[in-house]
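Trainee: If you scroll down you'll find the structure; I have some questions about it.
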Number of protein chains: 4
Amino acid sequence: MTPEQQLERVRSSFAKQGLMATLGATLGNVLPGMVEIALRPHPAISQQHGFVHAGPVSAIADSAAGYAALSLMPADAGVLTTEFKINLLAPAVGERILARGRVVKAGRTLTLAQAEVFAETVGQEKLIALLTSTLMAVKGRDGISD
Amino acid sequence: MTPEQQLERVRSSFAKQGLMATLGATLGNVLPGMVEIALRPHPAISQQHGFVHAGPVSAIADSAAGYAALSLMPADAGVLTTEFKINLLAPAVGERILARGRVVKAGRTLTLAQAEVFAETVGQEKLIALLTSTLMAVKGRDGISD
Amino acid sequence: MTPEQQLERVRSSFAKQGLMATLGATLGNVLPGMVEIALRPHPAISQQHGFVHAGPVSAIADSAAGYAALSLMPADAGVLTTEFKINLLAPAVGERILARGRVVKAGRTLTLAQAEVFAETVGQEKLIALLTSTLMAVKGRDGISD
Amino acid sequence: MTPEQQLERVRSSFAKQGLMATLGATLGNVLPGMVEIALRPHPAISQQHGFVHAGPVSAIADSAAGYAALSLMPADAGVLTTEFKINLLAPAVGERILARGRVVKAGRTLTLAQAEVFAETVGQEKLIALLTSTLMAVKGRDGISD
């Protein structure tokens, strides 16, 4: 695949994630090894105090890191998260929540990636979470090529 | 609070989580130090391969562990997750996904909890994820008492 | 290998870990899927406050979990830790620090294990740390068969 | 404390860590929010395959991150690690292992830090591990002011 085909694979895979539509999440910049996903806080994704629940924050951070990994994987590989760790630094409130995933080290089988999550309010951005994840390149499994 | 009031606080707090309704998640058993949350796989919460996305799996595991912690906290405390780690062992597919959270060690400020997540199919259950989380008891902050 | 040969492999591998001798760590019970390692607090393994440093606590917990995994692996596989997470619940002080590792889920390539770490004082034991780790079965790499 | 006193506190605290002498670890650069610790591979800190054991790698990474945090804490606070996560990317071999810790977000009670660990061989350096840790500022506890 050309680099542009790699990035197109990320975009079309994102469109297949039913969860992203449900959360109202949208794809931002997509570059080799770096992917952004954003969402807007609203009551349908909140926890009991009105903040965005850790689940959607984790979901966009995990997907941003996972797609950053996929953007560097060969055409016949799909990506699966094997584990992640997230530190939640501040409540997820504001106009927009943006996750920026990037590859730390790409390996043949395992890739290490991180995602920073920012809360944006009137032009300011604040780091609210940091995720580290291990992604596995999966080959030869039916239905998994993205 | 009496133990029953503690458990009632968990139930009413769960009902306030907009995300849980959006995901179609429901509360199962609620005991002191142990809380269950379940959801049914459907396309609106899937990732690109049709499995339940790691986000909802993490969301119910995080909430089950968090409410297990809240069930042991004093009346004037609310609960916030400061960090969690999740290992994803197998794809989240089946009839029902069940997260069972329990407290490992309750502290005055920080509580350690775990949640096991099972995929259930025709009476069988399979461990698909394990989450470990740190919960903070928050006092004296507006709007946080659950 | 017979189960007894599996356990003997763990014992002889432990004896090759230079670090364990340096830390004064000793092997306790060794069973299929469960391994114990202990050490005694002393100034040579302390941090600045006189507690046992998180490093040796992590080292025996990681090794106990790793050997629990190795005890279930085929004869031609060696074990490597790919990642671990540890929560430190209380200072590591007392007469003896004991790590008990056990396998959560054994897979062909990746195994998930946990280790609980206890501080023992006059017959009492207190949970002071919880480690979760991912172990990889490594085959066909020179010098790695344990 | 002046910034220089802050850094001096890190240096004198490091000298009190019995473990660091036992491992042969040495302090490198010490700056506000950034601390380096190095060690040289030798059999006394090895695991069964002859690599440096994950324990010493974790120990210097945890201490580098912890001292980066301490370098920004008030004079009456000591630092304790409450949890860390480490991804081990490649075997720890080479002439020197260097951990570089830096603060991601300093808070009043909790600080998030990271440490990258590099293996150096004839002028090349390779990222072999990434640690993320949560440090707690401890006040008013006997014997803890560093």
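Trainee: Does the stretch B:122-131 include one or more residues that are over 26 Å from C:Lys126 (Cβ atoms), among the basic types (Lys, Arg) and at pLDDT 95 or above?
Mentor: Yes, because at least one residue in the stretch B:122-131 is over 26 Å from C:Lys126 (Cβ atoms), among the basic types (Lys, Arg) and at pLDDT 95 or above.
Trainee: Of all the residues that make up the stretch D:114-146, how many are within 10 Å of another protein chain (Cβ to nearest Cβ) and part of a strand (DSSP E or B)?
Mentor: Residues meeting the conditions: 13.
Quick grid of which residues meet (1) over 18 Å from D:Leu112 (Cα atoms); (2) touching a residue at least 40 places away in the same chain (Cβ under 8 Å):
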position	(1), (2)
A:Ala106	yes, yes
A:Val117	no, yes
A:Thr121	yes, no
A:Gln124	yes, no
A:Leu127	no, no
A:Thr134	yes, yes
A:Ala137	yes, yes
A:Arg141	yes, yes
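Trainee: Of everything in the stretch B:15-69 that's open to solvent by less than 30 Å² (accessible area, probe 1.4 Å) and part of a strand (DSSP E or B), which residue is farthest from the other protein chains (Cβ to nearest Cβ)?
Mentor: Among those that are open to solvent by less than 30 Å² (accessible area, probe 1.4 Å) and part of a strand (DSSP E or B), it is B:Glu36.
Trainee: Where residues in the stretch D:71-92 are in contact (Cβ under 8 Å) with a residue 60 or more places away in the chain and among the hydrophobic types (A, V, I, L, M, F, W, C), which of them is surrounded by the fewest Cβ atoms within 10 Å (Cβ to Cβ)? Step through it out loud before you land on a result.
Mentor: Taking the stretch D:71-92 as the starting set, the residues that turn out to be in contact (Cβ under 8 Å) with a residue 60 or more places away in the chain are D:71-80.
Checking the rest, the ones that are also among the hydrophobic types (A, V, I, L, M, F, W, C) come to D:72-73, D:75, D:77, D:79-80.
Details: D:Leu72: 17, D:Met73: 22, D:Ala75: 10, D:Ala77: 21, D:Val79: 27, D:Leu80: 20.
Only one residue fits best here, namely D:Ala75.
Trainee: If I ask for residues that are more than 14 Å from chain B (Cβ to nearest Cβ) and aliphatic (A, V, I, L, M), which ones from the stretch A:84-113 would you list?
Mentor: A:Leu98, A:Val103, A:Val104, A:Ala106, A:Leu112
Trainee: Moving on. Filter the stretch A:2-14 down to the residues that are open to solvent by 20 Å² or more (accessible area, probe 1.4 Å) and within 13 Å of another protein chain (Cβ to nearest Cβ) and list them by number.
Mentor: Residues satisfying the conditions are A:Arg9, A:Arg11, A:Ser12, A:Phe14.
Trainee: Across the stretch B:93-113, what is the total count of residues that are assigned to a strand (DSSP E or B), open to solvent by 30 Å² or more (accessible area, probe 1.4 Å) and either farther than 14 Å from B:Tyr67 by Cβ or of a type in the set (Phe, Trp, Tyr) (or both)?
Mentor: 4
The values are calculated or read from the model by the stated rules, or taken from the named source; none is laboratory data. Remember, predicted model here, so these are calculated numbers, not experimental data. Note: ideal-geometry Cβ built from the backbone for every residue, glycine included; neighbour counts use all protein chains shown. These accessible areas exclude ligands, DNA and RNA; they are computed on the full protein's heavy atoms, side chains included. Shrake-Rupley method; radii C 1.70, N 1.55, O 1.52, S 1.80 Å.
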